Structure formats: structure tokens, C-alpha cells
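One structure below.
Bear in mind these aren't lab numbers, they're just calculated from the coordinates by the rules spelled out. What you are looking at is a predicted structure, and each value in this text was computed from that prediction instead of being measured. Quick reminder, even Gly has a Cβ in these numbers, built from the backbone with ideal geometry, and neighbours come from all protein chains shown.
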Amino acid sequence: MDECSAVRVANMSSLKRGLVIDVNLDPTKGSETGKIRPCVIVTNNTYNARVPVIQVVPLTAWIERKAGIITNVEIVPSSHNGLTKKTVADCLQTRPIDHRARLVNVRGELEDEIMAKIDDALKIVFDLA
């Protein structure tokens, strides 16, 4: 799907918190997470409906070392979330994106229990306890 098609499929009003979307994160610098990869939208739905810049958490392949990091959240693939392999949400790599330029595809939606774990991890990352 090209970028124009992705925008037509997922306009601003259909993007919501908890959606798993494929995002082109390139170009990157330094240790930033890059390439086209699944991400989860973490901004609230008021912003998601009004502005083109949304905040996402990149998802990366599960490995035992990553699973042990307190700000990473393990996610098991399901037909609901659209993932095909076990992943972790790397909440330390949270970043803003302009969905009009970076959105590639919509995969699915994370379960409420996983989003609650992501919320807890984001509280740690941003010291919001």
C-alpha cells in the first residue's frame, strides 16, 4: 500500500489509541529504532482526531534480554492485534510521527490489558508515577 492509500484507509478520525499500525520510521539517527515496523498509537483520541502528529511506541522482535527490561511490554500475536510474531513494545523509544507521511498500514488493535501495561511502562519512562 502506498502512502496516499494508507492515508485514505486511516484518516485522522479513524486513528485511535491502542491501534497497531505499520510506520516508516526512517530516517533515523544514532540508536533510534528505524525501518518500517509495527507501532502502537499512545496519544489520546482527542489529539488523534485533530492533529496529524501522533505519538507511537515502536514494537520490536521479542528476545529474552528485551523482555527483562521494565519499560518493555511483551505482546503475543493474535488475530485482534494483527501481529504475526511475539514482540515487545519498547516504551523508551516513544516518538512523534506525522501519520500523513509515515503511516503504511493498519494491522489491528491491542487488548486493554496490554495497553494498561504500556501505560504503566510510560509512567516509568516519563516519571509520572
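Stokes-Einstein diffusion coefficient for the range 3-125 at 10 °C in a medium of 1.306 mPa s, Rh from the Kirkwood formula over Cα pairs: what value in µm²/s?
111 µm²/s
Mind counting lysine pairs for me in the range 3-125? Cα separation below 20 Å, and the two need to be 8 or more apart along the chain or on different chains.
Counting lysine pairs in the range 3-125 gives 11.
Which net charge results when you count Lys and Arg as +1 and Asp and Glu as -1 among the other residues whose beta-carbon is under 13 Å from that of T46?
+3
Which angle between 0 and 90 degrees, to the nearest 10, do you get for helix 112-125 versus the longest principal axis of the chain when only C-alpha atoms count?
Between helix and principal axis, roughly 70 degrees.
Could you work out the local net charge near M115, counting Lys and Arg as +1, Asp and Glu as -1, over the other residues with Cβ closer than 14 Å to its Cβ?
Here the count lands on -3.
What spacing in nm lies between the two simple spin-label points modelled at L92 and A116, each 7 Å away from Cα in the Cβ direction?
2.6 nm
Divide by every residue of the chain the summed helix terms, -39500 (n - 2.57) for each DSSP H run of at least 4, and state the resulting mean residue ellipticity at 222 nm, rounded to the nearest 500 deg cm²/dmol.
Mean residue ellipticity at 222 nm (helix-derived): -7000 deg cm²/dmol.
As an exercise, find the ratio Rg/Rh for the range 56-129 from alpha-carbon atoms, using the Kirkwood inverse-distance average for Rh.
Answer for the range 56-129: 0.96.
Between V53, V42, V20, find the one with the highest GNM mean-square fluctuation for the chain; connect C-alpha pairs within less than 10 Å.
V53
Hey, got the Cα dimensions of the range 19-60 along the principal axes, in Å, largest first?
31, 17, 13
Stretch S78-K29 to full length: gain in nm at 0.36 nm per residue minus the Cα-Cα span?
Net length gain for the segment: 14.4 nm.
Can you compute the modelled spin-label distance between L128 and I36, with each label point 7 Å from Cα toward Cβ, in nm?
3.1 nm
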